[in-house]
1. Would you check which residues across segment 63-84 are surrounded by fewer than 13 Cβ atoms within 10 Å (Cβ to Cβ) and either in contact (Cβ under 8 Å) with a residue 60 or more places away in the chain or farther than 22 Å from residue 152 by Cβ (or both) and list them?
2. Quick check on this structure: which one of 10, 59 is over 30 Å from residue 154 (Cα atoms), out of contact with any strand residue (DSSP E or B) (no Cβ under 8 Å at 6 or more places or on another chain) and modelled with pLDDT under 95?
3. Sort through 98, 131 and tell me the only one that's touching a strand residue (DSSP E or B) at 6+ places or on another chain (Cβ under 7 Å), modelled with pLDDT of 70 or more and either surrounded by 13 or more Cβ atoms within 10 Å (Cβ to Cβ) or assigned to a helix (DSSP H, G or I) (or both).
4. Inspect all residues belonging to segment 221-241 and state whether any of them is under 30 Å from residue 91 (Cβ atoms) and modelled with pLDDT under 80.
5. Which numbered condition in (1) over 19 Å from residue 242 (Cα atoms); (2) surrounded by 17 or more Cβ atoms within 10 Å (Cβ to Cβ) is the only one that residue 30 fails?
6. Looking at residue 153 and the list (1) part of a helix (DSSP H, G or I); (2) in contact (Cβ under 8 Å) with a residue 24 or more places away in the chain, which single condition is not satisfied?
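The values are calculated or read from the model by the stated rules, or taken from the named source; none is laboratory data. Just so it is clear, the structure is predicted and the values come from calculations on it, not from any experiment. As a convention, Cβ positions derive from the backbone with ideal geometry for all residues, glycine included, and neighbour counts pool all protein chains shown.
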């Protein structure tokens with residue numbers, strides 16, 4: 001009689017005969033499974049969007065030599081961690097160019113022979129007349145580091161739930177099983193009827209906790225391994241892009257002139273202002 005029951009509806013039979021402690025264990029595992037599947041679905045969607053958006057963003061960034069080109073065109077790549085880092089860096093660079101500019105008087109716009117803007121970074125660097133100092137560039141690098149850390153943390157958010165399900169699910173189930181078996185043997189000892197019919201319901205009810213724990217842990221384990229690998233890949237791409245982005249900003253927008261040249265240009269700017277002021281005074285007279 002027991003075999004047909006176990007073969008057709010073993011889980012229902014086991015839960016019906018479970019002790020209060022066993023039922024509590026199963027409920028806890030079901031709640032953990034609900035949180036786990038919520039994280040699996042939402043995180044999987046987030047990572048797929050991030051991979052696709054990052055691929056599009058990196059392709060767009062590779063097509064231009066100007067670190068501010070994408071921001072000026074107002075292109076959007078929502079969901080890409082590298083794009084969020086790019087926007088933070090571009091905003092800080094634009095702020096420094098506006099509020100702490102360094103004018104390079106000797107620079108001149110350079111174009112290719114066909115009239116299109118030259119895509120070579122060296123030519124672009126020579127054509128930029130408004131740059132920033134190394135101190136301002138340090139501020140930009142701090143923003144990039146903060147943005148990279150923030151995006152990495154956003155990618156890893158919620159993974160603690162999956163790791164808890166993987167590591168804790170089987171142990172919670174084992175706790176319920178041991179507790180159930182202990183209660184079963186205690187009941188048999190009190191009734192003094194050590195028969196298979198007396199033991200089977202209690203043992204089956206105890207084992208359902210272990211089964212539930214494994215059903216929680218196994219999907220979480222596969223999802224966790226896949227997501228950790230994907231997050232590691234995205235994080236490495238993010239770090240690589242941050243280094244490349246900072247290097248291009250430094251090459252194009254940071255003033256690396258010798259001190260003597262900076263003093264000369266500053267004197268030229270001051271002289272031009274004094275001359276302009278004198279001409280204005282003469283015209284008023």
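1. Restricting attention to segment 63-84, the residues satisfying the condition of being surrounded by fewer than 13 Cβ atoms within 10 Å (Cβ to Cβ) are 63, 72-74, 76, 78.
Within segment 63-84, 63, 72, 73, 74 qualify.
2. Values: 59 fails: over 30 Å from residue 154 (Cα atoms).
It is 10.
3. On the way: 98 fails: touching a strand residue (DSSP E or B) at 6+ places or on another chain (Cβ under 7 Å).
Exactly one residue qualifies, and that residue is 131.
4. No, segment 221-241 contains no residue that is under 30 Å from residue 91 (Cβ atoms) and modelled with pLDDT under 80.
5. All conditions are met except number (2).
6. Of everything listed in (1) part of a helix (DSSP H, G or I); (2) in contact (Cβ under 8 Å) with a residue 24 or more places away in the chain, residue 153 misses just condition (2).
This table checks each residue for (1) within 30 Å of the chain's Cα centre (by Cα); (2) under 17 Å from residue 242 (Cα atoms); (3) at pLDDT 85 or above.
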residue	(1), (2), (3)
78	yes, no, yes
90	yes, yes, yes
147	yes, yes, yes
159	yes, no, yes
162	yes, no, yes
183	no, no, no
